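Enquirer: For reference, the structure I am asking about is given below.
Just so it is clear, none of the values below were taken in a lab; they were calculated from the coordinates. Keep in mind that what you see is a predicted model, and the values were worked out from it rather than measured. Heads up, the Cβs are rebuilt from the backbone with ideal geometry, glycines too, and the neighbour counts pull from every protein chain shown.
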Amino acid sequence: MSLASNYPSYVKCLSANQRETLREEKSFLFIRTKNPVELVKVDKGVIPETPNQSMCDFLIYDKHQKVSNFIELKGEDVKKACDQIYGTVEYFENHSVLKQAVTNMELLKGYIVSPHCNVPDIDNTHRKKVYRKLYAKSRSKLANAFDHLVFVRCVPKIVGNATPREENGELKVCNDFPLIL
């Protein structure tokens with residue numbers, strides 16, 4: 001079943017190798033798809049604006065490969081971003097239509113994106129709660145449970161060897177080298 005058929009105004013179908021720029025207030029993310037996916041607007045989209053409901057900004061849902069990528073575009077508050085991804089997964093678990101994106105999935109990953117965020121301390125309880133949830137819900141376990149939650153710095157240009165690279169626990173991407181999902 002497709003999320004697009006249930007939420008046509010909040011879901012955009014992207015084809016393989018399609019590029020897209022996700023934007024929310026102070027943050028942005030350049031992506032390119034590996035496979036056909038559904039780009040789902042979560043905040044004020046498939047999850048209505050509700051008091052006390054934490055939710056991330058986007059979901060990239062690959063129903064054929066059974067992969068869900070939860071994306072929070074953040075200015076600065078990384079703890080809140082962790083809570084928003086966690087809250088979204090919990091909401092989806094308890095929703096009759098949305099639970100397909102978190103149930104019996106091969107892989108669930110979270111991405112916290114900021115143009116200038118610092119990676120939180122490895123012992124941060126907010127971070128642990130999220131990666132444990134994503135790890136537990138994934139049938140395919142990544143080698144390191146921490147890899148289920150990725151911190152992304154989206155910059156205008158990568159200087160140096162001009163490729164996306166991980167530095168100090170964060171992945172740097174730019175328009176020329178987008179995040180591939």
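Enquirer: Against the 2.2 N^0.38 Å scaling, with N counting residues, where does the stretch 57-116 land? I'd like the Cα-based Rg ratio to two decimal places. Write down the numbers at each step before the final one.
Expert: Values: Rg = 11.8 Å, N = 60, 2.2 N^0.38 = 10.4 Å.
Here the Cα radius of gyration is 1.13 times the empirical estimate.
Enquirer: Continuing with this model, one more query. So for Cys174, Cys82, fewest C-beta neighbours within 10 Å to most, what's the order?
Expert: On the way: Cys174 18, Cys82 26.
If I rank by nearby Cβ atoms, fewest first, I get Cys174, Cys82.
Enquirer: Rounding to the nearest 20 debye, state how big the charge dipole of the chain is about its Cα centre with +1 on each Lys and Arg Cβ and -1 on each Asp and Glu Cβ. Show your work: numbers first, answer last.
Expert: Numbers: 27 positive and 22 negative charges, 79 e Å.
Rounded to the nearest 20 debye, it is 380 debye.
Enquirer: On to the next question. Do any of Lys66/Lys99; Lys41/Lys129; Lys80/Lys128; Lys128/Lys172 go past 20 Å between their Cα atoms, and which?
Expert: Beyond 20 Å: Lys41/Lys129; Lys128/Lys172.
Enquirer: Hey, what D do you get for the chain in µm²/s if you plug the Kirkwood alpha-carbon radius into Stokes-Einstein at 10 °C and 1.306 mPa s? All intermediate terms of the calculation are to be shown ahead of the outcome.
Expert: Numbers: Rh = 16.3 Å.
Using the Kirkwood radius from Cα pairs, D works out to 98 µm²/s.
Enquirer: Based on other C-beta atoms within 10 Å, arrange Leu108, Leu179, Leu171 from fewest to most. Display every interim value, and only then the final one.
Expert: Details: Leu108 25, Leu179 22, Leu171 16.
Fewest-to-most Cβ neighbours within 10 Å comes out as Leu171, Leu179, Leu108.
Enquirer: Let me ask something else about it. Just from its helices, what would the mean residue ellipticity at 222 nm be for the chain, if runs of 4 or more DSSP H residues each count -39500 (n - 2.57) and the sum is divided by every residue, rounded to the nearest 500 deg cm²/dmol? Write down the numbers at each step before the final one.
Expert: On the way: 3 runs with 33 residues, N = 181.
Result for the chain: -5500 deg cm²/dmol, rounded to the nearest 500.
Enquirer: Now a separate question. Report the FRET efficiency, 1/(1 + (r/R0)^6), for Ala145 and Ser5, where r is their Cβ-Cβ distance and R0 is 30 Å, rounded to 0.05. Numbers along the way, then the final one.
Expert: Numbers: r = 34 Å, r/R0 = 1.12.
Efficiency, from the Cβ-Cβ distance: 0.35.
Enquirer: Considering only Glu49, Glu38, Glu170, give the residue with the highest GNM mean-square fluctuation for the chain, with springs between Cα atoms whenever their separation is below 10 Å.
Expert: Among Glu49, Glu38, Glu170, the largest GNM mean-square fluctuation belongs to Glu49.
Enquirer: Taking only C-alpha pairs under 8 Å that are 6+ residues apart, what is the relative contact order of the chain in percent?
Expert: On the way: 381 pairs, mean separation 35.2, N = 181.
Computed over the chain, the figure is 19 percent.
Enquirer: May I pose another question? Antiparallel as a % of all DSSP beta bridges within the chain, to the nearest 5?
Expert: Bridges in the chain are about 50 percent antiparallel.
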